[in-house]
1. Just to check your reading of the model, which residue among Ala174, Ala210 is assigned to a helix (DSSP H, G or I), out of contact with any helix residue (DSSP H, G or I) (no Cβ under 8 Å at 6 or more places or on another chain) and more than 13 Å from Phe95 (Cβ to Cβ)?
2. Conditions first: (1) open to solvent by 30 Å² or more (accessible area, probe 1.4 Å); (2) farther than 18 Å from Ser165 by Cβ; (3) part of a helix (DSSP H, G or I); (4) not basic (Lys, Arg). Val118 passes all but one, so which condition is the exception?
3. What number of residues within the range 58-83 are open to solvent by 50 Å² or more (accessible area, probe 1.4 Å) and either among the hydrophobic types (A, V, I, L, M, F, W, C) or closer than 30 Å to Glu193 by Cβ (or both)?
4. Scan (1) crowded, with 17+ Cβ neighbours inside 10 Å; (2) more than 25 Å from Gln153 (Cβ to Cβ); (3) in contact (Cβ under 8 Å) with a residue 12 or more places away in the chain for the single condition Ala39 breaks and write down its number.
5. May I ask you to list pairs of residues, at least six apart or on different chains, whose Cβ atoms are under 9 Å apart, with the first in the range 189-216 being farther than 16 Å from Gly172 by Cβ and the second being in a loop (DSSP other than H, G, I, E, B)?
6. Given the conditions (1) surrounded by fewer than 19 Cβ atoms within 10 Å (Cβ to Cβ); (2) without any contact (Cβ under 8 Å) to a residue 60 or more places away in the chain; (3) of a type in the set (S, T, N, Q), report the number of the one that Thr141 does not fulfil.
7. Do you know which of the residues in the range 84-115 that are under 30 Å from Pro29 (Cα atoms) and touching a Lys or Arg at 6+ places or on another chain (Cβ under 6 Å) is least open to solvent (accessible area, probe 1.4 Å)?
Amino acid sequence: MAAGAGFTSEAVRVTERIRNEIIDGVRAPGSKLVERDLALELGVSRLPVREALQALVAEGIVTPRPRSWAIVREFTASDIADLIEVRASLEVLTFKLAAQRHTRSALAELREALDDEVRAAAAGEAREARRAGVRFHEIVTRMAGNELLLEVQASLSARMRWLLSQHDDLEGIAQEHAELYEAIASRNVGGMEPLVLAHLETSRANAAEATGHRLA
């Protein structure tokens, strides 16, 4: 039983590392993910690598190939448009609920994520700024206090983290997050929708520029 628990944590660790490297752009779209090579690189057996690749396929950021390898998913313009449509349908509701239901402790956590993002953006630390921006959105989802919404977001988490990382406008995105934070903090439910829609449009434009796709 103990060995099984240890193996599970190893597979989770490998999954998290490869996931982060894909989202951060360390492993580019179309890159091969070969079990044997990854096991050597990460200093583990092939079994946790195999489980990690299976998990990442299920999350939608890795595409399987025959036998013992896969590739980092190459998101098409249609894939990205679908993600943006789903995100748009969820985020207005999510931010409105967060403005209505947030607690003092959750707001403090959101402020910390925003401060991290602003600081990293000002320093030009792209990976840290993007990760803090993703954390900002994840905290807002929890603040909404809707279990079904959390379930839906969890099923899309890796793909949404990837989408939210497709930008180089570090300070611009941080500023929009600051405006959203102020609306949440003041419980400005009525003013939330235009802010969220403007943020979605910025994200759409940034994703189009970052990926080289024409997005309608």
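The values are calculated or read from the model by the stated rules, or taken from the named source; none is laboratory data. Computed from a predicted model, the values in this text were never measured in an experiment. Positions of Cβ are backbone-derived with ideal geometry, glycine not excepted, and every protein chain shown enters the neighbour counts. These accessible areas exclude ligands, DNA and RNA; they are computed on the full protein's heavy atoms, side chains included. Shrake-Rupley method; radii C 1.70, N 1.55, O 1.52, S 1.80 Å.
1. One residue alone meets the criteria, Ala210.
2. So the condition that Val118 fails would be (2).
3. 5
4. Failing condition for Ala39: (3).
5. Thr211/Pro29; Thr211/Phe75; Thr211/Gln166; His213/Phe75; His213/Thr76
6. (1)
7. Ala113
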